Amino acid sequence: SARCNQVIVVDTETQEVVQRFGEADGVGREPRSVIVSPDGTRVYVSSYVGDVINVFNRVEGGLTYQDSSKVGRRPTSMGINASGSRLYVAHFLPRGPIPDNESWMSTIDTETLTVNHEVSFRDQFNLDRARCVQQLEIFSTWSAEDLSFEGVPKMLEGVFMHPSGRYALLP
């Protein structure tokens with residue numbers, strides 16, 4: 001529940017709330033995405049404003065908070081590999097100075113909760129790159145400044161793992 005900064009656990013059979021976790025329990029602000037490990041033992045929750053991934057362990061009757069890990073600005077949706085050893089986190093907002101920013105996806109080692117790899121996407125519409133776009137007739141009268149963006153057009157909203165586990169799609 002992003003608006004009230006809570007992770008709410010619901011019993012699917014009775015449709016009743018059985019647990020609530022809030023900021024005092026370690027949940028970062030504005031939880032956005034929830035993904036369950038393939039073996040069902042862990043639950044990962046991205047906290048959009050908190051810039052963290054929260055980890056919960058599954059126990060009889062619900063969840064118990066385990067830990068959180070700082071992953072960088074605005075984590076949104078996540079994907080997980082088939083073995084549950086890697087968590088892939090898309091970040092919505094770019095990083096870096098406006099004339100040279102990038103969006104990115106983090107790869108998290110689920111045992112250590114550390115970022116072990118990042119894939120970044122450069123902004124093709126910042127000043128140097130926008131000058132190239134000016135060569136298109138439709139944009140020929142625009143300045144490079146008018147064509148540049150404060151944020152990259154690749155504001156990532158999710159990570160969808162291919163069933164083979166060989167690649168991910170990032171909308």
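Packing around the peptides 14-25, 107-118, taken as the average count of other Cβ atoms within 10 Å per residue, puts them in this order, highest first: 107-118, 14-25. Of the residues Val59, Val115, Leu127, the one whose Cα sits farthest towards the positive end of the charge dipole of the chain is Leu127 (charges of +1 on Lys and Arg Cβ, -1 on Asp and Glu Cβ, taken about the Cα centre).
Figure the gain on full extension for Gln15 and Asn57 (residue separation times 0.36 nm, minus the Cα-Cα span) and round it to one decimal in nm. Intermediate results must be reported in sequence, preceding the final value.
Values: separation 42, 0.36 × 42 = 15.12 nm, distance 2.08 nm.
Here the segment from Gln15 to Asn57 would lengthen by 13.0 nm.
Here the gap between Cys132 and Thr64, fully extended at 0.36 nm per residue and compared with their Cα-Cα distance, gives a gain of 19.2 nm.
Could you work out what % of the accessible surface of the chain is carbon and sulfur, using a 1.4 angstrom probe and leaving DNA, RNA and ligands out of the count? Could you put the intermediate results ahead of the total?
Values: 4920 of 9690 Å².
Ligands and nucleic acids excluded, carbon and sulfur give 51 percent.
Using the beta-carbon distance between Cys4 and Ser85 and R0 = 35 Å, what value does 1/(1 + (r/R0)^6) give for FRET efficiency, to the nearest 0.05? Numbers along the way, then the final one.
On the way: r = 32 Å, r/R0 = 0.92.
Taking R0 as 35 Å, the efficiency between Cys4 and Ser85 is 0.60.
Rolling a 1.4 angstrom probe over the protein heavy atoms with all chains in place gives segment 48-103 an accessible area of 43 Å² per residue.
Any idea what the dipole of the chain comes to, in debye rounded to 20, about its Cα centre with Lys/Arg Cβ at +1 and Asp/Glu Cβ at -1?
Working: 16 positive and 22 negative charges, 35 e Å.
Result for the chain is approximately 160 debye, rounded to the nearest 20.
Note on the chain: helix-only mean residue ellipticity at 222 nm, from DSSP H runs of 4+ residues weighted -39500 (n - 2.57) and normalised by residue number, equals -1500 deg cm²/dmol.
Rg of the Cα atoms in segment 103-143, relative to 2.2 N^0.38 Å, amounts to 1.95.
Between Leu169 and Ser143, what length in nm is gained on full extension when 0.36 nm per residue of separation is reduced by their alpha carbon distance? Can you show the working numbers first?
Values: separation 26, 0.36 × 26 = 9.36 nm, distance 3.29 nm.
Full-extension gain reported as 6.1 nm.
Put simply, the C-alpha atoms of the chain give a gyration tensor, and the ellipsoid matching it has half-axes of 37, 17, 13 Å, longest first.
The values are calculated or read from the model by the stated rules, or taken from the named source; none is laboratory data. Note that this is a predicted model, so its numbers are computed, not measured. Cβ sites come from the backbone with ideal geometry, for glycine too, and all protein chains shown count toward neighbours. For accessibility, only protein heavy atoms count, side chains too; no ligands or nucleic acids. Shrake-Rupley method; radii C 1.70, N 1.55, O 1.52, S 1.80 Å.
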